[in-house]
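Peer 1: This is the structure I have questions about; it appears just below.
Readers should treat all values here as calculations from the given coordinates under stated rules, not as data from a laboratory. What you see is a predicted model; the values in this text were computed from it and never measured. As a convention, Cβ positions derive from the backbone with ideal geometry for all residues, glycine included, and neighbour counts pool all protein chains shown.
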Amino acid sequence: MAENIPNGSPESVNIIDGPTNPMVTPILTDLYQFTMAYAYWKAGKHNERAVFDLYFRRNPFGGEYTIFAGLEECIKFIASFKLTEDEIAFIRSSLPPSCEDGFYEYLRGLDCSDIEIYSVSEGSVVFPKVPLMRIEGPIAVVQLLETPFVNLTNYASLVTTNAARHRFVAGRSKMLLEFGLRRAQGPDGGISASKYCYMGGFDATSNVAAGKLFGIPLRGTHSHAFVSSFLSPDEIIDKSLQHHDGSSVCEDFVSLVQTWLNKLKWSHLLGGIFSETNQSELAAFASYALAFPGSFLALVDTYDVMRSGLPNFCAVALALNDLGYKAVGIRLDSGDLAYQSCEARKFFCAIEKEFGLLGFGKTSITASNDLNEETLDALNKQGHEVDAFGIGTHLVTCYAQAALGVVFKLVEINNQPRIKLSEDVSKVSIPCKKRCYRLYGKEGYPLVDIMTGENEPSPKVGERILCRHPFSESKRAYVVPQHVEELLKCFWPGNSDKIREDLPPLKEIRERCIEQLDQMRPDHMRRLNPTPYKVSVSAKLYDFIHFLWLNEAPVGELQ
Ligand SMILES: Nc1ncnc2c1ncn2[C@@H]1O[C@H](COP(=O)(O)OP(=O)(O)OP(=O)(O)O)[C@@H](O)[C@H]1O
Ligand SMILES: O=P(O)(O)OC[C@H]1O[C@H](OP(=O)(O)OP(=O)(O)O)[C@H](O)[C@@H]1O
Ligand SMILES: O=C(O)c1cccnc1
Ligand SMILES: [Mg+2]
């Protein structure tokens, strides 16, 4: 797990690269973090040891689960945390002239070597109120981390969860392609979406830069422009195509395609479905096949799916088959995707039967066009024959919910627990430096997450423990865990002697995410009225929260 390099040593810092986005620097933060840092420094308080929790309050998309993502980028950020002279000069110009020079000297020496970070593993299923990360260190430095950490985890967790939810509705067997780059919120939105949609269970992306940066499989088809850019088959100059096994060359592939189109037109099973297809579309398909004979996939809805796109595709696919190539399939990008996919499947099966082409019935059907959880669900209910979904706008923009609402709250300073009160109970923070556990039941499902004080004994397998709702007195349950998982692990030991967890490769995080989702009890996962997962505190922590609450809340006076 840990590398053979002393924790906190310069070597252990150096082996972690900087953040993916070079815009992620210490000044990618809110001004108030620097004004507070100055005021802490001025008060001589800047080195007081603080503990902050990063968590969220409500699951997104009306669901009862969230996937935690963004940890790797946070660690990469703090590993390279250092203000440049240029940045310090800018901060100086942004703060009042009365701010003392000593502060800028202090900023010059800042790094994150004295920060400790405990975190849930990236790609884990997580729940409201339970800390995703616990950040400890000198208060002025930890304060500066608030905005970038929330920024790096908020959208990451939201879009990973969105991807996981799309995967859940589509089912395991479908291929899910992320097509969102053009519709994403800027370049960082696009790159992040590709990374985190893969993490949340998508199979591939169309985003070439993300393929290069993260090793995500790349996939794509072609657009309507390619189809409409052709006017007629006469445009195709080099019509020759070598047989797949290299044994011979077909000098006029376009004629072979026309021959097949004629056969299809007069075939017993397909007769009457179409007459004359669009010849410019046929030219586009033949050209694409000449360019990619081994991976031919055609967008069939430019003119008319049933009367043109589908027969044209099949004519090209059959001609390719004569030369030893297997066409991949079609893409549908408009209209009723359930109906058209079923009709296309019937067409492919009829060809398999008519021409004895084994396996042609299974030719792949990709669907795209404004897809989201709801349309996937509707397609499932109607019955469809789609093998792969290409999803852009709704997925990457998180159209159904714009932000997760991750927060970063002080829970302890100089070993003194702190609480933030609110009229709204759901916004009251859970004080103390805590440990967090997931307790598993007899059937192997996670039953409850429990937070305890740092120094309480951990829950034990086979030992009954009282789990209390943090704020509702009557809600409590005894649990005898069959398995206990400690959730917060050390990802940045600072100057402590803790062992640092490795940052796993993206593919491993994705596998963890898929595995964790599979482990959940199905009623927490369903789309309609899912059962909330229980989040609790130990009896001792419950008593302490309420003691501190009473202590901090002023008593009103009635006149
Ligand atoms: N069988 C179906 N059931 C429910 N929704 C569907 C079904 N088939 C397609 N959809 C959805 O219906 C919407 C159709 O959108 P719209 O009418 O704008 O597209 P279109 O006219 O078919 O195509 P274009 O993008 O070319 O305008 C899309 O969001 C698509 O995902
Ligand atoms: O629909 P999304 O989920 O965002 O998926 C990406 C969309 O991008 C492409 O469309 P294009 O940019 O050509 O626009 P259009 O289909 O809206 O005309 C593609 O054909 C998909 O329809
Ligand atoms: O490759 C595709 O088919 C694709 C890529 C991006 C957006 N829409 C479609
Ligand atoms: Mg579209």
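Peer 1: For a test of the definition: using alpha carbon positions, the gyration tensor, and the 1.5 limit on a/c, classify region 146-223 as rounded, prolate or oblate.
Peer 2: On the way: a/c = 2.03, a/b = 1.28, b/c = 1.59.
Since a/c reaches 1.5 but b/c is at least a/b, the shape of region 146-223 is classed as oblate.
Peer 1: Multiplying the sequence separation of D234 and H469 by 0.36 nm and subtracting their Cα-Cα distance, what value in nm do you get?
Peer 2: Going from the current span to full extension adds 77.2 nm.
Peer 1: Please work out how much length the chain gains when fully extended from V555 to D304, using 0.36 nm per residue of separation minus the C-alpha to C-alpha distance, in nm with one decimal.
Peer 2: Once the chain is fully extended between V555 and D304, it gains 83.0 nm.
Peer 1: Taking the convex hull of the alpha carbon atoms in the chain, what volume per residue do you get, in Å³?
Peer 2: Looking at the chain, the number lands at 215 Å³ per residue.
Peer 1: Please get the size of the charge dipole for the chain, origin at its Cα centre, with Cβ charges of +1 on Lys and Arg and -1 on Asp and Glu, quoted in debye to the nearest 20.
Peer 2: For this selection, approximately 1540 debye.
Peer 1: Let me ask you something else. Hey, what number do you get for the chain at 222 nm if only DSSP H runs of n ≥ 4 count, each worth -39500 (n - 2.57), divided across all residues, to the nearest 500?
Peer 2: Values: 18 runs with 206 residues, N = 559.
Dividing the helical sum by the residues of the chain leaves -11500 deg cm²/dmol.
Peer 1: Let me ask something else about it. If I fit a long axis through the Cα atoms of helix 373-382 and take the longest principal axis of the Cα atoms of the chain, what angle between them do I get, 0 to 90°, rounded to 10?
Peer 2: Around 40 degrees separate the two axes.
Peer 1: For D387, what is the net charge nearby, where nearby means another residue's Cβ is under 9 Å from its Cβ and Lys, Arg count +1, Asp, Glu -1?
Peer 2: Surrounding charge for D387 is +1.
Peer 1: May I pose another question? Kindly give the semi-axes, whole Å and largest first, of the ellipsoid equivalent to region 221-386, taking each as the square root of 5 times a Cα gyration tensor eigenvalue.
Peer 2: Semi-axis lengths for region 221-386 are 26, 17, 15 Å.
Peer 1: Considering only DSSP states other than H, G, I, E and B, which chymotrypsin sites (Phe, Trp or Tyr not before Pro) in region 244-337 qualify as loop sites with at most 10 other Cβ atoms within 10 Å?
Peer 2: Details: sites: F253, W260, W266, F274, F285, Y288, F296, Y303, F313, Y325; in loops: W266, F274, F296, Y303, Y325.
Answer by residue number: W266.
Peer 1: Hey, another quick one. Is region 459-541 rounded, prolate or oblate when judged by the Cα gyration tensor, a ≥ b ≥ c being the square roots of its eigenvalues, rounded requiring a/c under 1.5 and prolate requiring a/b larger than b/c?
Peer 2: oblate
Peer 1: Of K420/K475; K42/K433; K265/K362; K420/K498; K174/K265; K82/K507, which pairs sit farther than 28 Å apart, going by alpha carbon to alpha carbon? It would help to have the intermediate numbers written out before the result.
Peer 2: Details: K420/K475 22 Å; K42/K433 26 Å; K265/K362 21 Å; K420/K498 30 Å; K174/K265 32 Å; K82/K507 30 Å.
The pairs that break the limit, which is 28 Å between Cα atoms, are K420/K498; K174/K265; K82/K507.
Peer 1: Can you tell which of L447, I236, F168 lies farthest toward the positive end of the dipole of the chain, using +1 and -1 charges on the Cβ of basic and acidic side chains (Lys, Arg; Asp, Glu)?
Peer 2: Of the candidates, L447 comes out farthest on the positive side.
Peer 1: What whole number of Å gives the distance from the Cα centroid of region 157-206 to the Cα centroid of region 527-559?
Peer 2: Distance between centres, Cα-based: 36 Å.
Peer 1: Follow-up. Sum up the charges of everything whose Cβ sits under 9 Å from the Cβ of F127, counting Lys and Arg as +1 and Asp and Glu as -1, but leave F127 out.
Peer 2: Neighbourhood net charge equals 0.
Peer 1: Oh, and also: If you take every DSSP beta bridge fully contained in the chain, what fraction is antiparallel? Give it as a percent rounded to 5.
Peer 2: Antiparallel bridges: around 65 percent, rounded to the nearest 5.
Peer 1: Nearest 5 is fine: what % of DSSP beta bridges in region 221-386 come out antiparallel, could you say?
Peer 2: In region 221-386, DSSP labels about 20 percent of beta bridges as antiparallel.
Peer 1: A follow-up question, please. Quick one: 3J(HN,Hα) in Hz for region 443-460, Karplus 6.51/-1.76/1.60 with θ = phi - 60°, rounded, Gly and Pro as x.
Peer 2: 3J(HN,Hα) across region 443-460, in whole Hz: 7, x, 7, x, 9, 7, 9, 10, 9, 10, x, 3, 9, 6, x, 6, x, 10.
Peer 1: Okay, moving on. With axes computed from alpha carbons, what is the tilt in degrees of helix 539-552 against the longest principal axis of the chain, rounded to the nearest 10 within 0 to 90?
Peer 2: 70
Peer 1: Okay, next question. What is the list of residues in region 58-82 whose amide nitrogen lies under 15 Å from a point 7 angstrom out from the Cα of D523, following Cα to Cβ?
Peer 2: Counting backbone N atoms under 15 Å from the label point, the list is 64.
Peer 1: Please turn the phi angles of region 197-211 into ³J(HN,Hα) values with the Karplus equation 6.51 cos²θ - 1.76 cosθ + 1.60 (θ = phi - 60°), one per residue in order, whole Hz, x for glycine and proline.
Peer 2: After applying 6.51 cos²θ - 1.76 cosθ + 1.60, I find 5, 4, 4, x, x, 5, 8, 6, 9, 8, 7, 4, 4, 5, x Hz.
Peer 1: Could I ask something else about it? Pull out the extension gain between A43 and I499, defined as 0.36 nm times the separation in residues minus the alpha carbon to alpha carbon distance; nm, one decimal.
Peer 2: Between A43 and I499, full extension yields an extra 160.8 nm.
Peer 1: Given H placed on each backbone N at 1.01 Å, which residues far from D30 in sequence or on other chains put an amide H within less than 5 Å of it?
Peer 2: Amide H to amide H, under 5 Å and 5 or more residues apart or across chains, D30 pairs with T147.
Peer 1: Follow-up. May I ask you to evaluate 6.51 cos²θ - 1.76 cosθ + 1.60, the Karplus curve with θ = phi - 60°, for each residue of region 172-182 and list the ³J(HN,Hα) values in order in whole Hz, giving x for glycine and proline?
Peer 2: 5, 7, 7, 7, 10, 10, 8, 10, x, 3, 5
Peer 1: Between the alpha-carbon centers of region 260-307 and region 89-128, tell me the distance in whole angstrom.
Peer 2: 60
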